[in-house]
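Reading through the structure tokens given below for one structure.
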Amino acid sequence: MKNDNLFDLTGKVAVVTGGGDGIGRGACEILAAAGAAVVVSDISLEKAQTVADGITAAGGKSAAVACNVLVSADLDRLIECTVSTFGTVNILVNNAGLGGGGRENPYKIDRAYVERIYAINVFAPWQLSKLVAPYMEKSGYGSIINITSMSSINNSPDMAIYGSSKAALNHLASNLAFDYGPMGIRINNVGPGATRTKALASVLTPEIEAKMLAHTPIHRLGEVSDIAGAVLYFASPVSAWVSGQTLMVNGGGVQTLD
Ligand SMILES: NC(=O)c1ccc[n+]([C@@H]2O[C@H](COP(=O)([O-])OP(=O)(O)OC[C@H]3O[C@@H](n4cnc5c(N)ncnc54)[C@H](O)[C@@H]3O)[C@@H](O)[C@H]2O)c1
């Protein structure tokens, strides 16, 4: 294989959840730039459509699908739409995720909150992985990428539900790698440190940022493009013998909120 083909996704079909903004948008755009047809899905069809239109305007192939990953029937429909539009699925990015932000004081949240966070961060990636696997196996190329978090390995106050759900996502992938490997499917996790998106902006203050940077050797917060690069690595043939792994993209350090 020539070096310039290692990141080539021409002819591959990708699906990204929460692709209308932030890290999901970055994933959609980098996969499309590498040649994949990209289904941009988001709870907001308007946001998904904007990203898909941008990809199409840049000469790529894309379609937008409304999908709330908390709704099981939406997940079924997302994969049906992808297959009916582009014929198969080769790459799945389980990006949509919620929780944390230092807002999980155990006495201020209830069971419904916990179920919701686990539903978006664990149950949806599990269900989508199950749905896409037969198509990936049949097509001969499959890569599933979960967007986890540094919170999956950090220990911090008021983060137990988000952190444990993302830890479950890590372990889900390292186990599913054994189930899916024989089907020709790889499954890996990308774990962002603090990355400049709207979700981060909702909790970031100058004081918190200064504390984060004190423990970040590459002395800046993450950008969406930093995370998208790791997604492209796992999506493309360059990582053909890599599965069940979690790659933390964090400037070499730890950015907790406390
Ligand atoms: N930004 C960070 O610092 C950071 C750090 C670690 C992990 N992460 C993880 O990265 C992922 C993306 O985070 P982000 O910062 O880009 O978020 P973001 O808020 O910038 O974008 C999230 C996107 O997901 C969509 N969305 C929200 N709920 C949804 C649902 N139920 N179904 C489908 N789409 C939905 C939103 O409309 C939005 O387009 C999440 O899994 C998050 O846990 C982010």
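Work out, step by step, the length gained on full extension between Ser44 and Ala210: first 0.36 nm times the residue separation, then minus their alpha carbon distance; give nm to one decimal. The partial results should precede the final answer.
Values: separation 166, 0.36 × 166 = 59.76 nm, distance 3.30 nm.
Here the segment from Ser44 to Ala210 would lengthen by 56.5 nm.
For Asn5 and Ser84 in one chain, what is 0.36 nm times their gap in residues minus the Cα-Cα distance, to one decimal in nm?
Numbers: separation 79, 0.36 × 79 = 28.44 nm, distance 2.76 nm.
So the chain would gain 25.7 nm between Asn5 and Ser84.
Give me Rg/Rg_expected for the stretch 148-258, where Rg uses Cα atoms only and Rg_expected = 2.2 N^0.38 Å with N residues.
Rounded to two decimals, the normalised Rg is 1.14.
Around Pro157, what is the net charge, scoring Lys/Arg as +1 and Asp/Glu as -1 over all other residues with Cβ under 10 Å from its Cβ? Provide the component values of the computation, followed by the final result.
Details: positive: none; negative: Glu104, Asp158, Asp258.
Every neighbour counted, the sum reads -3.
Within the stretch 102-136, which chymotrypsin sites (Phe, Trp or Tyr not before Pro) sit in a loop by DSSP and count at most 10 neighbouring Cβ atoms inside 10 Å?
Sparse-neighbourhood loop chymotrypsin sites (Phe, Trp or Tyr not before Pro): Tyr107.
Please report, in cubic angstrom per residue, the volume enclosed by the convex hull of the alpha-carbon atoms of the stretch 179-222.
117
Do any GluC sites (Glu not before Pro) in the stretch 177-258 lie in a DSSP loop with no more than 14 other beta carbon atoms within 10 Å, and if so, which?
Details: sites: Glu207, Glu209, Glu223; in loops: Glu223.
Answer by residue number: Glu223.
Local charge sum around Thr50 (other residues, Cβ-Cβ under 12 Å, Lys/Arg +1, Asp/Glu -1)? Intermediate values should be presented prior to the final figure.
Values: positive: Arg25, Lys47; negative: Asp21, Glu29, Asp42, Glu46, Asp53.
Spelling it out: positives minus negatives among the neighbours equals -3.
Select from the chain the helices, each a whole stretch of DSSP H, whose alpha-carbon atoms run 24 Å or more along the helix axis and whose Kyte-Doolittle mean is at least -0.5; answer none if there are none.
Sorted by number, the helices that extend far enough and score high enough are 160-180.
Averaging over all projection directions, find the projected area of the Cα convex hull of the stretch 103-145 and quote it in nm² with one decimal place.
3.6
Quick check: pseudo-label points 7 Å beyond the Cα along Cα→Cβ at Ala240 and Ser225, how many nm apart are they?
Each label point is offset 7 Å from its Cα along the Cβ direction, giving 2.9 nm.
Summing Lys, Arg as +1 and Asp, Glu as -1, what charge do residues with Cβ under 9 Å from the Cβ of Gly20 carry, Gly20 excluded?
Taking every other residue near Gly20 into account, the sum is -1.
Restrict the search to the stretch 1-48; then list the trypsin sites (Lys or Arg not before Pro) that DSSP places in a loop and that have at most 12 other Cβ atoms within 10 Å of their Cβ.
Lys2
With the calculation restricted to Cα positions, what are the radius of gyration and Dmax of the stretch 1-82 in angstrom?
According to the Cα coordinates of the stretch 1-82, Rg and Dmax are 12.7, 42 Å.
Compute the orientation-averaged projected area for the chain from the convex hull of its Cα atoms and round it to one decimal in nm².
It is 13.4 nm².
None of the figures in this text is laboratory data; all of them are computed from the coordinates on show. If you're wondering where the values come from, they're calculated on a predicted model, not measured in any experiment. Ideal geometry is used to build each Cβ from the backbone, glycine not excepted, and the neighbour counts take in all protein chains shown.
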